[in-house]
Amino acid sequence: NSIRIPMTMFERYTEENGKAVVDEDWLARYKEVVDWAVEEGLYVMVNIHHDSWIWLKYWDGDKEAEEYVRFVQLWEQLADYFKDEPEQVCFETINEPDFEGESDEEKQEKLDAINLAAYDVIRASGGNNAERMIVIPTMNTNHEKCDPLLKLIQDLDDTHIIATVHYYGEWVFSANLGITGFDEAIDDDGKTARTAADSAMETVYKTFTQNDIGVVIGEYGVLGYDQGEKCNQPGEELKYYEYVNELARKYGLCLMFWDNGSGIDRVSGKYEWKKPQVGEMLWASMEGRSSYAAELDTLYFGEEAEEDVLVALTLNGNTFTEIEGLTEGEEYSYDESTATVTLSKDYINKMYAESSREGRFGELVFTFSSGADWTEKLVRFKTPEFKEASGTTEGLTIPADYHGADIRRISAFSGEEHTGPQSSWWKYLQNSEAFDVEDDALVLNNSFFNECAEGEIKLVIEFYDGQIKELWLTKDGD
């Protein structure tokens, strides 16, 4: 029931007699969209967006400087233009604020000054703005930087303020730096993407909600979402959405899924989810919990099954109903005491034999008493093959036939040491940044070569089915 409508002011204003004047036609169009959202019953966040890093981040702290003056002038026009909007419309001062140089303390002082400037302008602008909700971010909208914002809000003593942070999960999972499982241990301390979400949402709750300050997570999702389905593991991504929604309900937080065009198809006119299972999980998770397989959403078979296959379920308070299209007692059975589905080896082998080549040979839709369905995929695979390749450090394309195998993660070595981006502190390469997985190739990107050693390099490629493949290459200058 809410929507954030980011606006970028850059290149939509002109300097006239020392004042940044917003383009009237564009502002009218923006207001039209805001009003459409209001008519649909949505709460709306009006938000100054990319300006935070295009020009505002370079502000030196002087209130006579052009960045500060421009920021105030823009908010004076926005506040006046929207002052008669109903209370459904709220104002977010700035998106993901950051400032160059200096210490963290000096950066925070700048953010406090920017937030207060917008606050003062809005409150003094008349109309409904005297009590309009103003949404104020932490530094970088980071959940670990809540305390200074708490102090600012408490000092203002204004009940019409909402705090905001963004949450994209634990980075090595969210952007896929080799940690692909939502419950996979990240370090020796046992931390996982799930426990990281626990900590983040509890921090926000204890800092703001327990002090009677509402919170909106103005953006959430996974950082690899728009990098294609070969970046994040699909089922593990769904578990993330399901659990973050559960935490939001537990702690009374509002979530807003970030869709920059990769979520809902805005082009065809159908406005459907590009990834239907993501849409289904997000929708279901607003209302309650969903169930899923405790392990991966994919079962890999290098040959016919020698025995029945067990699929343990995480029910989250629901009950298992059926597998669509299959006959219980013949093709599968269910043990309620252990929440385990047993797939008959005869059924699997029948499906396996009917598949003529490697790849997906079946999809099983598990249904439950509540929540989203869960799709378990059956994949036939054999050893992947990589062909010889040469090229430049601008990007090396290595032809590959994956034969149904899916890359889980890659690490790179120069001798015994890790090499490549983040190698000073981390052991795996970042999917879609250091490398890309295409249907018929593995591409090593320029960003990988920019930070890897000269000479002989070993790539260790791990696959979800358990296979490990080593590739060797030699880097010589460019």
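The values are calculated or read from the model by the stated rules, or taken from the named source; none is laboratory data. Values in this document were obtained by computation on a predicted structure and should not be read as measured data. Glycine gets a Cβ as well: all are built from the backbone with ideal geometry, and neighbour counts include every protein chain shown. Just the protein is used for accessible areas: all its heavy atoms, side chains included, with ligands, DNA and RNA removed. Shrake-Rupley method; radii C 1.70, N 1.55, O 1.52, S 1.80 Å.
Take the chain, drop everything but the C-alpha atoms, weight them equally and run the Debye formula without solvent; then report log10 I(q)/I(0) at 0.10, 0.11, 0.13 Å⁻¹ to two decimals.
Log10 of I(q)/I(0), two decimals: -0.90, -1.04, -1.27.
Once a ≥ b ≥ c are taken as the square roots of the eigenvalues of the Cα gyration tensor of segment 2-79, is the result rounded (a/c under 1.5), prolate (a/b larger than b/c) or oblate (a/b not larger than b/c)?
Details: a/c = 2.71, a/b = 1.80, b/c = 1.50.
Note, shape of segment 2-79 comes out prolate.
Fully extended, how many nm does the chain gain between THR319 and HIS403 (0.36 nm per residue separation, minus their Cα-Cα distance)? Walk me through the intermediate numbers first.
On the way: separation 84, 0.36 × 84 = 30.24 nm, distance 3.61 nm.
So the chain would gain 26.6 nm between THR319 and HIS403.
How much net charge surrounds THR207 when only the other residues with a Cβ under 11 Å from the Cβ of THR207 are counted, with Lys and Arg +1 and Asp and Glu -1? Walk me through the numbers on the way to the answer.
On the way: positive: LYS145, LYS151, LYS206; negative: GLU144, ASP147, GLU202.
Result for the local shell: 0.
From the Cα gyration tensor of segment 402-471, with a ≥ b ≥ c the square roots of its eigenvalues, which class applies: rounded if a/c is under 1.5, or else prolate if a/b is larger than b/c, or else oblate? Don't skip to the answer; put the middle values down first.
Values: a/c = 1.89, a/b = 1.51, b/c = 1.25.
The shape class here is prolate.
Which whole-angstrom value gives the distance between the alpha carbon centres of segment 316-381 and segment 403-432?
33 Å
Rounding to the nearest 20 debye, state how big the charge dipole of the chain is about its Cα centre with +1 on each Lys and Arg Cβ and -1 on each Asp and Glu Cβ. All intermediate terms of the calculation are to be shown ahead of the outcome.
Numbers: 41 positive and 99 negative charges, 92 e Å.
Charge dipole, the chain, about its Cα centre: 440 debye, nearest 20.
Can you compute the modelled spin-label distance between GLU470 and ASP23, with each label point 7 Å from Cα toward Cβ, in nm?
Computed distance between label sites GLU470 and ASP23 equals 5.8 nm.
Please compute the modelled spin-label separation between ASN450 and GLU131, points set 7 Å along Cα→Cβ, answer in nm with one decimal.
That separation, rounded to one decimal, is 5.2 nm.
Local charge sum around GLY18 (other residues, Cβ-Cβ under 13 Å, Lys/Arg +1, Asp/Glu -1)? Provide the component values of the computation, followed by the final result.
On the way: positive: LYS19, ARG70; negative: GLU15, GLU16, GLU64, GLU66.
Net charge around GLY18: -2.
If you roll a 1.4 angstrom probe over the protein chains with everything in place, what fraction of the accessible area of segment 12-148 belongs to carbon and sulfur, to the nearest %? It would help to have the intermediate numbers written out before the result.
On the way: 2890 of 6530 Å².
It is 44 percent, rounded to a whole number.
Using mean Cβ contacts within 10 Å as the protection proxy, how do 120-126, 168-174, 110-116 order, highest first? Don't skip to the end; give the middle numbers.
Numbers: 120-126: 16.6, 168-174: 21.9, 110-116: 19.6.
Descending packing order for the listed peptides: 168-174, 110-116, 120-126.
How many percent of the accessible area of segment 162-230 is carbon or sulfur, using a 1.4 Å probe?
Values: 1070 of 2510 Å².
With neighbouring chains kept in place, the figure for segment 162-230 is 43 percent.
Taking a point 7 angstrom from the Cα of TRP36 along the C-beta vector, which residues in segment 78-110 have backbone N less than 18 Å away?
89
Between rounded, prolate and oblate, where does segment 256-357 land on the alpha carbon gyration tensor, with a ≥ b ≥ c its root eigenvalues, rounded for a/c under 1.5, else prolate if a/b exceeds b/c?
Values: a/c = 2.74, a/b = 1.57, b/c = 1.75.
It is oblate, given that a/c is not under 1.5 and a/b is not larger than b/c.
Where in the chain are the helices, taken as whole DSSP H runs, whose Cα atoms extend 20 angstrom or more along the long axis and whose Kyte-Doolittle mean reaches at least -0.5?
Details: long enough: 24-39 (22 Å, -0.56); 66-81 (22 Å, -0.52); 104-123 (28 Å, -0.77); 193-207 (21 Å, -0.42); 234-251 (26 Å, -1.30).
In the chain, the long hydrophobic H runs are 193-207.
Add +1 for every Lys or Arg and -1 for every Asp or Glu among the other residues with Cβ under 13 Å from the Cβ of SER355, and state the total.
On the way: positive: LYS350, ARG357, ARG360, LYS377, ARG380, LYS382; negative: GLU303, GLU304, GLU354, GLU358, GLU363.
Every neighbour counted, the sum reads +1.
Give me the accessible area per residue for the chain, probe 1.4 Å, as a whole number in Å². Please list the in-between numbers first.
On the way: 22690 Å² over 478 residues.
That works out to 47 Å² per residue.
In what sequence, highest mean first, do 10-16, 300-306, 374-380 appear when ranked by Cβ atoms within 10 angstrom?
Descending mean neighbour count gives 374-380, 300-306, 10-16.
Sorted by mean Cβ packing within 10 Å, highest first, what order do the peptides 280-287, 136-143 take? It would help to have the intermediate numbers written out before the result.
On the way: 280-287: 17.2, 136-143: 21.8.
Packing order, densest peptide first, comes out as 136-143, 280-287.
Can you give the accessible area of TRP59, probe radius 1.4 Å, in Å² rounded to 10?
TRP59 has an accessible surface of roughly 0 Å² with all protein chains in place.
Full-extension gain between SER103 and LYS427, please, as 0.36 nm times their residue separation minus the C-alpha to C-alpha distance.
Numbers: separation 324, 0.36 × 324 = 116.64 nm, distance 2.97 nm.
Separation in residues times 0.36 nm, less the Cα-Cα distance, equals 113.7 nm.
Report the calculated FRET efficiency for ALA312 and ASN211 (r = Cβ-Cβ distance, R0 = 41 Å), to the nearest 0.05.
Values: r = 41 Å, r/R0 = 0.99.
After rounding, the FRET efficiency stands at 0.50.
How large is ³J(HN,Hα), in whole Hz, for each residue of segment 11-20 in order, when computed from phi with the Karplus curve 6.51 cos²θ - 1.76 cosθ + 1.60 and θ = phi - 60°, using x for Gly and Pro?
Running phi through 6.51 cos²θ - 1.76 cosθ + 1.60 with θ = phi - 60° gives 6, 10, 9, 10, 8, 10, 6, x, 10, 7 Hz.
Using a simple spin-label model with points 7 Å from Cα along the Cα→Cβ vector, what separation in nm is obtained for THR393 and GLU66?
Taking the simple label geometry, THR393 and GLU66 are separated by 3.7 nm.
Could you tell me which GluC sites (Glu not before Pro) in segment 414-478 are loop residues by DSSP with no more than 12 other beta carbons within 10 angstrom of their beta carbon? Display every interim value, and only then the final one.
Numbers: sites: GLU416, GLU417, GLU433, GLU438, GLU451, GLU454, GLU456, GLU462, GLU470; in loops: GLU416, GLU433, GLU451, GLU454.
Loop-located and lightly packed - GLU416, GLU454.
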